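**Student:** Pasting in a structure now, in structure tokens, and then I'll have a few things to ask.
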Amino acid sequence: GSSLTYTLTITGPGENAAATGDLDVTSNVTLVGNNSTVAGTTGWNDRIFEVAATSTFNDVTVANGNLPGTTSADLSGSMLVDPGARVTLSKVNFQGNHAQFGGGLVIEPLGGPGTSTITDGVFSGNSAEPGGGFITLSPVSMPGTEITSNSASNCAAGGSFQADAAVTSVSVHAN
């Protein structure tokens, strides 16, 4: 199928009903992108997705998220996976996102057994103070995933930052 770009234009961070800003995933969902892109418009001031339920994302690019705040609540320019939620990501590309913490992706603690999985993903051109590519506080398996050309302005974790979490099967270079 042909790829499409879905541009988010209703700005306004800080609410969790998908009325403004990011798309809030509050129940289990499978998103099949067919090589499409979900992106913030010029001047966008929120992440793209906040995931609060077990979810699967396939074959989609998440781009131009921007959450430039100054507090530890300003997590992920692209996708925030809330505590207790699990994600399975296949062929998901996180590109050109920015946040105070975790430019591309932040996975918060699972709150129980389990692992999130990112297969054949790409983290590229994302930026944050720590964790330009991603931050994970939970185990994540990343077979076939590349983390490249991400930056961190305030520490050495341009590609990724992990706290008490195992990250396996991933290729990291030029961060």
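The values are calculated or read from the model by the stated rules, or taken from the named source; none is laboratory data. Just so it is clear, the structure is predicted and the values come from calculations on it, not from any experiment. Here the Cβ positions follow ideal geometry from the backbone for every residue, glycine too, while neighbour counts run over all protein chains shown. These accessible areas exclude ligands, DNA and RNA; they are computed on the full protein's heavy atoms, side chains included. Shrake-Rupley method; radii C 1.70, N 1.55, O 1.52, S 1.80 Å.
**Student:** Quick one: Ala99 ticks every box in (1) among the small types (Gly, Ala, Ser); (2) surrounded by fewer than 21 Cβ atoms within 10 Å (Cβ to Cβ); (3) in contact with a Ser or Thr (Cβ under 9 Å, 6 or more places away or on another chain) bar one, so which box is it?
**Tutor:** (2)
**Student:** While we're looking at this one, here's another question. Would you point out the residue of the range 70-86, among those that are open to solvent by less than 20 Å² (accessible area, probe 1.4 Å) and part of a loop (DSSP other than H, G, I, E, B), that is farthest from Asn154 (Cα to Cα)?
**Tutor:** Ranking the candidates gives Ala85 first.
**Student:** Does Leu89 satisfy being more than 17 Å from Gly21 (Cα to Cα) and open to solvent by 40 Å² or more (accessible area, probe 1.4 Å)?
**Tutor:** No: the conditions fail for Leu89.
**Student:** Kindly indicate the residue of the range 39-54 that is out of contact with any Ser or Thr (no Cβ under 7 Å at 6 or more places or on another chain) and among the polar types (S, T, N, Q) and also nearest to Ile10 (Cα to Cα) among those meeting that condition.
**Tutor:** Thr42
**Student:** Right, something else. Under 8 Å by Cβ, and 6 or more places apart or on different chains, what pairs join a residue from the range 83-97 that is touching a residue at least 12 places away in the same chain (Cβ under 8 Å) with one that is basic (Lys, Arg)?
**Tutor:** Listed by first residue and then by second, the contacts come to Asn97/Arg47.
**Student:** I would also like to ask the following. Would you be able to tell me the number of residues in the range 27-52 that are out of contact with any Phe, Trp or Tyr (no Cβ under 9 Å at 6 or more places or on another chain) and either farther than 16 Å from Gly102 by Cβ or not in a loop (DSSP other than H, G, I, E, B) (or both)?
**Tutor:** Counting residues in the range 27-52 that are out of contact with any Phe, Trp or Tyr (no Cβ under 9 Å at 6 or more places or on another chain) and either farther than 16 Å from Gly102 by Cβ or not in a loop (DSSP other than H, G, I, E, B) (or both) gives 12.
**Student:** Go over the candidates Thr37, Thr61 one by one and state the one that is within 21 Å of Ser116 (Cα to Cα), touching a strand residue (DSSP E or B) at 6+ places or on another chain (Cβ under 6 Å) and open to solvent by less than 60 Å² (accessible area, probe 1.4 Å).
**Tutor:** Testing whether each residue is within 21 Å of Ser116 (Cα to Cα), touching a strand residue (DSSP E or B) at 6+ places or on another chain (Cβ under 6 Å) and open to solvent by less than 60 Å² (accessible area, probe 1.4 Å) leaves just Thr61.
**Student:** Hey, among the residues in the range 15-34 that are small (Gly, Ala, Ser) and at negative phi, which one's surrounded by the most Cβ atoms within 10 Å (Cβ to Cβ)?
**Tutor:** Filtering the range 15-34 for residues that are small (Gly, Ala, Ser) and at negative phi, the one surrounded by the most Cβ atoms within 10 Å (Cβ to Cβ) comes out as Gly33.
**Student:** Would you check which residues across the range 92-150 are over 15 Å from Ser78 (Cα atoms), outside any strand (DSSP E or B) and not β-branched (Val, Ile, Thr) and list them?
**Tutor:** Pro109, Leu110, Gly111, Gly112, Pro113, Gly114, Asp120, Leu137, Ser138, Pro139, Ser149
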